[in-house]
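These notes concern the structure reproduced below.
Each value in this text was obtained by applying a stated rule to the coordinates, not by laboratory testing. Bear in mind that the values here come from a model prediction, so they are computed numbers and not experimental data. Cβ atoms come from the backbone with ideal geometry, glycine included; neighbour counts cover every protein chain shown.
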Amino acid sequence: MSDVLDRPDIGHNADDHLKVVGTRPIRPDGADKVTGRAAYGADFNMPGQLVGKVLRSPHAHARIVSIDAKKARALPGVKAVITGADFPNLADEFHEGGEAASNLRDMAMNVIARDKALYHGHAVAAVAAISSAIADEALALINVTYEVLPHVVEVEDAMAEGAPLLHPRMFTEGLEAKPDKPSNVAKRNRIARGDLDAGFAAADVIVEGRYTTKATHQGYIEPHATVASWAADGQCNVWSSSQGQFMVRTYCAKVLGKEISDIRVTPAEIGGGFGGKTVIYLEPLALALSRESGHPVKMIMSREEVFRATGPTSGAVMHVRLGAKKDGTLTAADVELKYQAGAFPGSPVGAGSMTALACYDIPAFRITGYDVVTNTPKVAAYRAPGAPISAFAVESAMDDLALKLGIDPIALREKNAVHNGTKAAYGPTFQNIGYVETLQAIRDTEHYRTPLGPNQGRGMAVGFWFNVGGESTAAVNINEDGTAVVVTGNPDIGGSRASMAMMAAETLGIAVDKVRPMVADTASIGFSMLTGGSRTTFATGMAVVQSAEKVIAELKRRAALIWDVNVDHVMWKDGSAWCLDPAKADEKPLSLEAIAGQSARTGGPITGQTSLNAQGAGPGFAVHLCDVEIDPETGHVTVLRYSAAQDVGKAIHPAYVEGQIQGGVAQGVGWALNEEYIFDRDGHMENAGFLDYRVPVASDLPMIDAILVEVANPRHPFGAKGVGEAPIVPPLAAVANAVRRATGVRMADLPLSPPKIRAVLDAKGG
Amino acid sequence: MSQLDYLAPVTPEEAVRALGAAGARPMAGGTDLLVQLRAGRTRPDVIVDLKRIAGAIGVRQEAGGFVIGAATSGAVLGEHEALVKAWPGVIEAANLIGSTQVQGRATLAGNLCNASPAADSVPAMIAARATCVVVGPGGRREVPVEAICTAPGKTSLSPGEFVLEIKLPPRPARASDAYLRLIPRTEMDIAVAGAAVNLVLDAQGVITEAHVGLGAVAPTALLVPEAGQALVGSKLDEAALARLDAAARAACRPISDKRGTAEYRTKIAGVLARRAAAIAYKRAGGAA
Amino acid sequence: MSKTHVSTTINGDPVEFLADPGMTLLDALRDELELTGSKEGCGSGDCGACSVILDGRLVCSCLVLAPEAEGRRVETIEGLANGSRLHPLQQKFLEHAALQCGFCTPGLLMASKALLDANPDPTETEVRYWLAGNLCRCTGYDKIIRAVMDAAAELRQERV
C-alpha cells in the first residue's frame, strides 16, 4: 500500500503533522557545553605527548636559501625538527572540499614553505620538545638564511605591470589566449549575457562606483589545535578541531603521501570555524613531528598565529556600473571584481561573481572576476565566500540608483527581482525560491515604519547564497530499549546535533530526547564532506531521514513477523507499528520500544545507514534593514536597529536558525565598521590580536531581529534550505547604505571607521 | 631559557629590596605586564608583585584628599562612593580601562607606569593634579603624576623605584571633573584620543580654576595649561568652548598609526575636551 | 628554574600544585589541574574565554600568574553548577539557545555570574557593557543577553 503516513509530508501545509520539527528543544550537547566538559581541540591529551611549535617567516616574501637546525636538534629536550624537505613534493591536484576547490599542491606548500616563504607568518620549520619553553628556545636556535624579495599586498598593486611575482611560472587562465608573460593574476573568469552596449544605451540613468573592502578574518574564538600520533607501524591518529574530520584525513594523507586507511581522525568539539577550519595547517606538521620523534605531538596556535597564518578572506577592489529606466527597471550591469587570493591562487572571486547579480533579472550583464595572488596569508573560506564582497559593491550601487530615481529601495529590488522560472545570472533556473516573500517580510516590519531622528539613516540590502548538498553518511541505530542513536560524520558547529536528532525523532515518531546524536570519527561512519556551504542540515539531514526511513521499514518487517502478517499490512504512525490486516484486527499497535525489545528474536539489531550525494539544495535569499546614527563630530557609527529576513525553507530548530542569522549579521556589521587587516610597509600585519582586530563586542550591537520566511524546499524531507551563509551577505551594504542616508555621502571603502567618516563629513563641509 | 622568579613582598621596604635585583619588574594588576611577557616584549628575571604589600590595595581619606594604594583595582575604586563623588572623572577614566575582567585587576599606578601615551586614567589624573608617592632605595618622594612618563614605555623612575600610592587632592565645593575618550568600538579598545577636564566654580557658576589633560595625542599624556586658561573666568559659554577646542588642538603632537591619523586625533581631542568640559561643569553644579 | 608551590581553593576545595613562576593561572588550571573548562582564545585579556572569579572579582585567568592564587579563592566554570543541578544561568543559556559552538560559553557564564552577584537587576545596556570583554563570534550576542536577563529575573524570584 502507498502509505502517506510512512513519510512526513512536505510543503507549505505540512506543519500540522510535525511534532518535533519546528520546536525549540534544548540541544543534546548543551549540558556539556555549559559546564566546561565539552572537549575542544586543545582539551585533549595523549600519554607522553610533546609540544609542537612552528617557526614562521619574518618576511612577506623571501627565498629560503638554507635552514640550519643543528643547534636546535642538539638542545636537550628537543625530539624533532622538521622543514619542508620532510614532505613529499606534490603535483597539481584539485580537490572539491565543500566550499571551494583546493589545489592540494598549494595546500601542502601553505602548510610548510619549500623554496620560498610567501607571506609573513608562513611556516618554515617546526619543532617538537618536552616543554613549551624548550620548544620556544629551539625555534630561536634554528638559523634560516633568507634572500628577501620585494613583496606586494594590495590587489591592484599585484596586478600592476612590474609587480613582484609570487609564482614566476603562473600565467593567467581564462583569457582568450595564453598571455606571453607570467603575472600574479591566476585566473580571469567571466559571466555575461545579452548585449551590454545596447543595455546601457537603453538606460535613462546610469550609476557607477568603485568599491573596496579589506581582508577580514573569520575570527573564531578557538585557535587551531591538534594532537597527532604516528605509530611505529605507520598508523596515525589525529584529534583536531576542524569543520570536517574526513577533510583532515584526506588532506593529511595527500600532504604526507600516506594511504587514507592509515589515518583515523577524531573530531574535537569545534570552537567556531565560519569556513576558516575547512583547511589544514597544524595536523600534517604534528604528524610529521610525531613520525620523527616517536611521540604524540600536541600543537596549539596562538591568537597571533591565527591572524598571521590562517585564512582571512580577500580584500577586494570592484567597479560596478548599472543602467536603468526611469521606472527603475534595470537594463544593464557591468561588474568587475578583483580579489586577493593570498599566497596561492583560489580567492572566492568565482562565487563572488556568481552571486553578484543573483537577486536580479537583468537583460544584459557582464561580470568579470580576477583571482590575484598577494604576499598575504592564503585566503580560506569565510561564510558565503566571496558573496558579501561583491554584494557590498552591487548593493551600494543599487542604493545610489534608488536615491537617484527617488524610488523606495525595497520597491526597486522588487521591480528587478528574480522569481521562480527566472534564469539566474549564474546559470540555473530558479525554483521554489522565497525572495519576494522575504522582501515583503522586511516591508512588513515595524522597524521599516519607525521614524528616524537627526543624524540617523536607514539602509537596506539583499543577499544570495547558493547553499550546497553533497556527500554525507548517516546511521540510525535503534537501541534495545527503543531509544535511538544518530551517527553522522559532520562536526557540530552551531547546533546541528539538535537538528539531526529532531529530524530522526520526527521521522521515527518518538520524542526527541529518545534520540542521541553522535559525531563519529572517520573509522566509525562513512565518508561525509565537511560542515560548510550550509549543507549539513540539508544533506546530512536528508541522510538521517533516509536512514530513519530504512529503520521504519525494518521495524515494520519485524512487526509483520511478530504478527505473522504481510508487511504491506503494517503501517508506521506515531512511533508504533499498526496492524492493518483485517484478519488480525485485535492486534494492538507495537511500539518502537516493544519491537526493539524483541529484536534478538526477530533478526537481530535494527539499524539503518544511508550514504548519498544530495542535490537540490534550495538557494537562500536574505533581506536586511539597518538603522544607524552618526556622531558628526567624531564619525562614530552606532547601529540602532537591525532586522534580517531570510527564506530558510523550513526551520528545523528555529532558535538555532535565528542564531545563524544573528551571528552572520554581527560578523557582517564588524566587517562593515571596524574589522580589517592592516599591513605595514614590510607586509607585516600590524593588528594581529583581538585588541586591534576589532570584532564586535556585546555593547556594539542592538538586538537583531531574525525573521524566518518559510518557502519549503521540496527536495528536503522537511523543506529545509541551508541558512548559515546568506546572513553575512547583505550587512556590509546595509550598514553602508544606512551611513549614506545618515550622512548624505556615499562611502565606498570599508571599513567605515570613525576617522574615515569624519574625513568625508569634513570634506562635505559639514 | 628564562629564569623568571616571582616575589610577593608584604612591606614597601621588602619590595624596594626585591626591585633592587637586576631584571626585576614591579607588577600591580599585571594586565599590561603579563601581555608583554607573553608576547616576548619584556623579559624580566623577577616579577615583584605589589598586591600583598600592606595597604597596597585600598583607598584611605587623608587631609581631605584620597590616598590610593598602588595595587587597587579599578573595580575597587568604582565601589568607593566618596571617591566617585569627589573625582568622578578620574574614576570613569580608570573604569574605562579594558573589560570588566581587566577592571578586576588593572590599577591607576600600573596604567601610569606602563607609560602608554593612550592610557585612559593618566590625563584624568593629570587634570586632577594628582601626585604619586614614589619609594625606592633613595627613600620616599612625592611627584606630580605628569612627571612620571617621559616617552612611550619610559618613566622617570630610577632603578628600584616604584609608585606606592597615588594621591588625589581635597575638593572644594562646586568642583568636579570628567573624562571622555574616542574608540572605534564601544568598549575594549585603546583610546584614539582622550580628554579630561577638572573644574572649580564660584557661587555664580564662573570657572575659577580649570585643568585639562589630553591622552593619545603626544608621546606622553599632556597637561595643557592654555586649555585650562581658556575656561577660567567663563561660565562655559560657546566662546570659551571654542577657545578650549583650539587650545587643545594646538597642544596636540600626535602620530598617525593603525588606530587613527594625526589629523583625526587632533580634531577629536578638541571635540572631547569640549564635551568633557560640559560634563564637568554640570557635575560641579554649573547651569549647563 | 624552580617551581613554586601554590596552595589555593578552587571551587571550594583545597588544592595544591607546583607552578613555574611565569605560568598563568589559566595554564595552571588547564595543564596542572585538568580543569579545561576555562578556554584560551587570545592569551591577552581581549576575549574573556578564560574568565574566572578570583576572591569574588571577575578576572581573565590568562592575566593572573599562577603563584598569585596562593591563599586565594578561585571559582571556575566547573564549579558553577550545584552538583548535578545547573545554575539558572546555565539553564537559561540552554533554553535560549545562547550558544552555538560553545567555546566562549564558560567565560560568558562566569562573567554573567559575577554580574548577577553584583547587580541582580541589570538593564540590557548594563549587561552588554559588563559582557563586552567576552567575545562571541557565533551568536551576535542577542540570545546571550536574553538568557542573562531571564536568569536574572529567575534569580530575583528565587530570592523573594
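Here the stretch A:139-194 is treated as a Stokes sphere of Kirkwood radius computed over C-alpha pairs; at 37 °C and 0.692 mPa s its diffusion coefficient rounds to 237 µm²/s.
Look at B:I268, C:I53 and count the other Cβ atoms within 10 Å of each Cβ; fewest to most, that gives C:I53, B:I268.
The ellipsoid that matches the Cα gyration tensor of the stretch B:175-283 has semi-axes, each √(5λ) in whole angstrom, of 25, 14, 10, with the longest given first. For the residue pairs A:K33/B:K258; A:K71/A:K116; A:K71/B:K258; A:K298/A:K378; A:K181/A:K423; A:K53/A:K277, the alpha carbons lie more than 26 Å apart in A:K33/B:K258; A:K71/B:K258; A:K181/A:K423. For the pair A:R114 and A:L452, how long in nm is the line joining their label points, each one 7 Å along Cα→Cβ? Going by the 7 Å Cα→Cβ label model, 5.5 nm.
Taking every DSSP bridge with both residues inside chain B, close to 85 percent are antiparallel.
Per residue of chain B, the DSSP helices (runs of n ≥ 4 H) give a summed -39500 (n - 2.57) that works out to -8500 deg cm²/dmol at 222 nm. Taking chain C, how much of its Cα-Cα pair set, in percent, is spaced more than 29 angstrom apart? The proportion of pairs with Cα distances above 29 Å equals 17 percent.
For the stretch B:1-108, the list of GluC sites (Glu not before Pro) that fall in a loop by DSSP and count at most 13 other C-beta atoms within 10 angstrom reads B:E79. Between B:E263 and A:I206, the distance separating the two model label sites (each 7 Å from Cα on the Cα→Cβ line) works out to 3.1 nm.
Of all DSSP beta bridges located in the stretch A:115-267, what percent are antiparallel, nearest 5? So the antiparallel bridges amount to about 45 percent of the total. Converting the Cα gyration tensor eigenvalues of the stretch B:59-168 into ellipsoid dimensions via √(5λ) gives semi-axes, longest first, of 21, 16, 12 Å. With point charges of +1 on the Cβ of Lys and Arg and -1 on the Cβ of Asp and Glu, referenced to the Cα centre of the protein assembly as shown, which listed residue (B:P184, A:Q245, A:S599) lies farthest in the positive direction of the dipole? Towards the positive end, the residue furthest out is B:P184.
Scoring A:443-449, A:708-714 by mean Cβ neighbours within 10 Å over their residues and listing the highest first yields A:708-714, A:443-449.
Fewest neighbouring Cβ atoms within 10 Å first, the residues A:H636, A:H419 line up as A:H419, A:H636. Between C:V64 and C:L25, C:L26, the built amide H atoms are under 5 Å apart, and every one of these is 5 or more places off in sequence or on another chain. Given their separation in residues at 0.36 nm each and the Cα-Cα distance between them, B:Q61 and B:V232 gain 58.7 nm when the chain is fully extended. Among B:A56, B:A86, B:A39, the largest mean-square fluctuation in a Gaussian network model of chain B, built with springs joining Cα atoms closer than 10 Å, belongs to B:A39. When the label point is put 7 Å from the Cα of C:N11 along its Cα-to-beta-carbon vector, which residues of the stretch A:22-39 have a backbone N closer than 18 Å? Output list for this probe position: A:30-39. In straight-distance terms, cross-link reach from A:K79 covers every one of the aspartates and glutamates whose alpha-carbon lies under 17 Å from its own, apart from those fewer than eight places away in the same chain; here that gives A:D68, A:D136, A:E137, A:E292. Farthest toward the positive end of the dipole of the stretch A:383-439, out of A:Y435, A:P385, A:N416, is the Cα of A:P385, where the dipole comes from beta carbon charges about the Cα centre. Note on B:T208/A:K764: beta-carbon distance plugged into 1/(1 + (r/R0)^6) with R0 of 60 Å gives a FRET efficiency of 0.90.
Bridgeable lysines around A:K404 (alpha carbons under 20 Å apart, same-chain partners fewer than 8 residues away excluded): A:K325, A:K326, A:K415, A:K764.
A viscosity of 1.002 mPa s and a temperature of 20 °C, combined with the Kirkwood radius over C-alpha pairs in the Stokes-Einstein formula, give chain A a diffusion coefficient of 78 µm²/s. Site pair A:E437 and A:L580 shows an inter-label distance of 3.1 nm when each label is modelled 7 Å from Cα along Cα→Cβ. Considering all C-alpha pairs of the stretch A:502-628, those separated by over 17 Å amount to 65%.
Largest first, the extents of the alpha carbon coordinates of the stretch B:138-210 on the three principal axes equal 49, 38, 17 Å.
Between 0 and 90 degrees, the angle of helix C:142-159 with respect to the longest Cα principal axis of chain C falls at about 90 degrees.
Applying the Kirkwood pairwise sum to the alpha-carbon positions of the stretch C:39-124 produces a hydrodynamic radius of 13.6 angstrom. Note on the stretch A:677-766: with charges restricted to the Cβ of Lys and Arg (+1) and Asp and Glu (-1), its dipole about the Cα centre is near 420 debye. Expressed per residue, the C-alpha convex hull volume of the stretch A:679-742 stands at 199 Å³. Semi-axes of the equivalent ellipsoid for the stretch B:97-241, computed as √(5λ) from the eigenvalues of its C-alpha gyration tensor and ordered from largest down, come to 27, 19, 14 Å.
Going 7 Å from the Cα of A:F94 in the Cα-to-Cβ direction, what parts of the stretch A:159-182 have a backbone nitrogen less than 15 Å from that spot? Zone members listed by number: A:171-175.
Given charges of +1 on the Cβ of Lys and Arg and -1 on the Cβ of Asp and Glu, with all other atoms neutral, how large is the dipole of the stretch C:4-79 about its Cα centre, in debye to the nearest 20?
With only Lys, Arg, Asp and Glu charged at Cβ, the dipole is about 240 debye.
Taking the Cα centre of chain A as origin and assigning +1 to Lys and Arg Cβ atoms and -1 to Asp and Glu Cβ atoms, the resulting dipole is close to 860 debye. Global dimensions of the stretch A:10-91 from alpha-carbon coordinates: Rg and Dmax equal 25.5, 72 Å. Estimated from helical segments only, the mean residue ellipticity of chain C at 222 nm is -9000 deg cm²/dmol, where each DSSP H run of four or more residues counts as -39500 (n - 2.57). On the principal axes of its alpha carbon atoms, chain B extends 60, 44, 33 Å, with the longest extent given first.
Relative protection proxy for A:520-528, A:351-359, from highest mean packing down: A:351-359, A:520-528 (other beta-carbon atoms within 10 angstrom).
In this entry, the stretch C:4-79 is assigned a mean projected area of 4.2 nm², taken as a quarter of its C-alpha convex hull surface.
Bridges between two residues of the protein assembly as shown, per DSSP, are antiparallel at a rate of about 80%.
Of A:D361, A:D680, how do they rank once you tally other Cβ atoms within 10 Å and put the fewest first?
So the ranking, lowest neighbour count to highest, is A:D680, A:D361.
What is the percent of Cα-Cα separations in the stretch A:627-743 that go past 25 Å? Pairs farther apart than 25 Å: 36 percent.
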